[in-house]
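Q: What follows is a single structure, and I will ask about it in a moment.
Nothing in this text is a laboratory measurement; each read-out follows from the coordinates by a stated rule. Everything numeric here is computed off the predicted structure, so don't read it as measured data. As a convention, Cβ positions derive from the backbone with ideal geometry for all residues, glycine included, and neighbour counts pool all protein chains shown.
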Amino acid sequence: MDAFASAPRPLAPIAGGTDLLIDLEQGRHAPVQTLIDVTEIKELLALEIRDDSLFIGASVPVNRIVLDPLAGAHAQALTEACELIAGPQVRNVATLGGNVAHALPAADGTIALLALDAHAEIASLAAQAAVPGGVGTRRIPFKDLFVGPGKSILKHGEELLVGFYLPLIEMGQASCFKRIMRPQGVALPIINVAIWLERERDTIKDIRIAVGPGSATPFRATEAESVLRGQPLTEATFESALEALLAQAQFRTSARRASSDYRQHLVVTLFKETLESAWRRAGLALT
Ligand SMILES: Cc1cc2nc3c(=O)[nH]c(=O)nc-3n(C[C@H](O)[C@H](O)[C@H](O)COP(=O)(O)OP(=O)(O)OC[C@H]3O[C@@H](n4cnc5c(N)ncnc54)[C@H](O)[C@@H]3O)c2cc1C
């Protein structure tokens, strides 16, 4: 952490570098004097049960999440998202923290964490100078990290993502992540959906739905959630929820991936399939 205090500015933390190096090369990131490698900081590499939550450190490579039994048990949507990110070489170095700090509204890990109701832990590096040996940290709801496409509240060179706290899965709860990619695509998807669902017999007791890119920041379909909460999953409730989702989401046209209309078209099937999977899994988790 001392490196952050003494290094020439401007500086940026670098983890896998799979976003940052390309952004620097292509001029999408302001030039920096110093890159500080955060992949050896022990605290950022933990993946464990902590404070009755699943803690995943920011520097954990996404491939480790795919293979980790705790993540598989408590954060299935995240495991599924991480498994779909890029190819094996990228997954070995790309980190969950980098995926989130890049702050794109359709980043796969980010959309899964949103549906899983994660909280982000942020370390203030200035606080370390003030309190010898200690780093001031704070925990915030995941959604509050984001302010716009590619923009987070993290203060450059002054704050670091430490990791993410996810609620542990309980009886009747399950999650699912699905996405649609251009056939030749290797980076962000055309559209993705993550759903966490709690089932009580034949009723949806609680639900969280995240869709990327559904707005300028990672999007929760809260209107559709309200429609489904307390209801059985039927064709009629699905149609009402879909209507609410389409009314609330702002699907944009992006030059390289898809038009707004095409995203609206695709989300119908993707939402249905993800919802039905989460519903079935939650049913199995009742017994
Ligand atoms: C070929 C290819 C395919 C890809 N496919 C996908 C895909 O399918 N889905 C997808 O979502 N993404 C994809 N990506 C994007 C990228 O791989 C992911 O977003 C990855 O998780 C980024 O992590 P990283 O460790 O490489 O981040 P880096 O590039 O190291 O950093 C990204 C940003 O986060 C900041 N940062 C890193 N760690 C921290 C920290 N602890 N605290 C604060 N800031 C931090 C950096 O300063 C930088 O601004 C792809 C990229 C490539 C090159």
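Q: Give the relative contact order (percent, whole number) for the range 15-157; include only Cα pairs under 8 Å separated by 6+ residues.
A: Taking the mean separation of contacting Cα pairs over the length of the range 15-157, I get 18 percent.
Q: Once you order the gyration tensor axes a ≥ b ≥ c over the Cα atoms, which shape class does the range 8-94 get: rounded for a/c under 1.5, otherwise prolate or oblate by comparing a/b with b/c?
A: Judged from the Cα gyration tensor, the range 8-94 comes out oblate (a/c at least 1.5, b/c at or above a/b).
Q: Another question, then. Mind checking which of 206, 261, 19 has the largest fluctuation in a GNM of the chain, springs on alpha carbons under 10 Å?
A: Result for the chain, Cα springs under 10 Å: 261 fluctuates most.
Q: Here's a follow-up. Going toward the positive end of the dipole of the range 147-286, with +1 on Lys and Arg Cβ and -1 on Asp and Glu Cβ, which of 219, 262, 171 do you reach last?
A: Most positive-ward Cα: 262.
Q: Pick from 152, 277, 254: which is most flexible by mean-square fluctuation in a GNM of the chain where alpha carbon atoms under 10 Å apart are linked?
A: Result: 254 has the largest fluctuation of those listed.
Q: Let me ask something else. Near residue 151, which lysines are there with a Cα under 25 Å away, not counting those fewer than 8 places off in the same chain?
A: Those lysines meeting the cut-off are 143, 178.
Q: Still on this structure, please answer the following. What FRET efficiency do you get for residue 201 and residue 222 if R0 is 22 Å and r is their Cβ-Cβ distance, rounded to the nearest 0.05?
A: 0.35
Q: Now for a different question. Could you put 177, 164 in order, starting from the residue whose Cβ has the fewest other Cβ atoms within 10 Å?
A: Exposure proxy ranking, most exposed first: 164, 177.
Q: Another question, if that's okay. Given a Förster radius of 30 Å and the C-beta distance between residue 23 and residue 67 as r, what FRET efficiency does 1/(1 + (r/R0)^6) yield to the nearest 0.05?
A: Efficiency at R0 = 30 Å is approximately 0.60.
Q: Per 0.36 nm of contour for each residue apart, how much would the distance between residue 50 and residue 171 grow if the chain were fully extended, relative to their Cα-Cα spacing?
A: Answer, rounded to one decimal: 41.6 nm.
Q: Of the DSSP beta bridges with both residues in the chain, give the percent that are antiparallel, rounding to the nearest 5.
A: DSSP beta bridges in the chain are roughly 90 percent antiparallel.
Q: What is the local net charge at residue 51, summed over the other residues whose Cβ is closer than 11 Å to its Cβ (Lys, Arg +1; Asp, Glu -1)?
A: Net local charge, residue 51 excluded: -1.
Q: Give me the angle, in degrees from 0 to 90, between the Cα long axis of helix 235-248 and the longest principal axis of the Cα atoms of the chain, rounded to the nearest 10.
A: Orientation of helix 235-248: about 40 degrees from the principal axis.
Q: Further question on the same structure: For residue 184 and residue 269, compute 0.36 nm times the residue count separating them, minus their Cα-Cα distance, and round to one decimal in nm.
A: 28.5 nm
Q: Counting pairs of alpha carbon atoms under 8 Å apart in space and at least six apart in sequence, what relative contact order in percent does the chain give?
A: 17 percent.
Q: Moving on. Could you work out the local net charge near residue 205, counting Lys and Arg as +1, Asp and Glu as -1, over the other residues with Cβ closer than 10 Å to its Cβ?
A: Around residue 205, the charge tally is 0.
Q: Label-point separation (nm) for residue 140 and residue 37, each offset 7 Å from Cα along Cα-to-Cβ?
A: 2.9
Q: Between residue 89 and residue 286, take the C-beta separation as r, use R0 = 45 Å, and let me know the FRET efficiency to the nearest 0.05.
A: 0.70
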